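Here's the structure we're looking at; comments come further down.
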Amino acid sequence: MDISSCFENALVQLTAAHQKDPNMENWNNAVYPAEWLYIQRITERMETFCPNASEELIVAANCQHLYRWEIDRKSFPEGRIGYYKWRNYLSEYQAMKAKEILLKAGFDADFADQVKMIVKKENIFTNSEAQALEDVVCLVFLEFYLDEFMNDKSELNMATIILKAWNKMSEKGHQEALKIKYSDAALPVIKKALGL
């Protein structure tokens, strides 16, 4: 099986996996599986942010939030420590699921391991593809999910969260983030976080 066939097979399988998400989201007068909609947004942003992305990076982008709904946040303790335990477990779980799908699609272990490293965003400041994915993930969060995320958090808490995301982004990511049209509720928080 050639690389192109593996690539297409992987994307088909990843799409099918995301469409299994039982959580639904309304968007433009239609209802979609939430993680499938998320991946559409990631894909669109990746196409404009990294038009020459490698197959590894494109596949890694399509692995974001893979089977996320299977690991309930409530199954971990509340608070910051519980949150990080959940995030770390989820990272390993999603990377494992991604590798299973890629091997089944026909890729070899080296390709799958490369994708796994990008998915986990290891060494983002030295791995350009991991950095690009981090930028895209942050941009999609800021554009589509920031307002809902703000609902139960203080302005100070949100400013801290935004600043942490900002510090993980590249200068190119920063420039793209400043082009996003933020809501009237989100814009002051963005400005406060960034000292604008």
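The values are calculated or read from the model by the stated rules, or taken from the named source; none is laboratory data. Model, not experiment: these values are computed from the prediction. Heads up, the Cβs are rebuilt from the backbone with ideal geometry, glycines too, and the neighbour counts pull from every protein chain shown.
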Identify, by number, the condition in (1) over 21 Å from A61 (Cβ atoms); (2) under 14 Å from the mean Cα position of the chain (by Cα) that K181 doesn't meet.
(2)
Please specify each residue of the range 57-93 satisfying the condition of being under 12 Å from the mean Cα position of the chain (by Cα) and over 21 Å from F7 (Cβ atoms).
R68, S91
Residue by residue through the range 11-64, note down the ones that are free of Cβ contacts under 8 Å to residues at least 60 places away in the same chain, part of a helix (DSSP H, G or I), surrounded by 16 or more Cβ atoms within 10 Å (Cβ to Cβ) and out of contact with any His (no Cβ under 6 Å at 6 or more places or on another chain).
L11, H18, A34, L37, T43, E55, I58, V59, N62
Quick one: which of A165, A186, A177 is surrounded by 15 or more Cβ atoms within 10 Å (Cβ to Cβ), farther than 18 Å from V136 by Cβ and out of contact with any Pro (no Cβ under 9 Å at 6 or more places or on another chain)?
A186
When you go through (1) assigned by TED's automatic domain parsing to the domain that holds L66; (2) touching a residue at least 24 places away in the same chain (Cβ under 8 Å) one by one for N88, which number turns out not to apply?
(2)
Any chance the range 113-125 includes a residue that's surrounded by fewer than 14 Cβ atoms within 10 Å (Cβ to Cβ), more than 18 Å from the chain's Cα centre (by Cα) and not in a helix (DSSP H, G or I)?
no
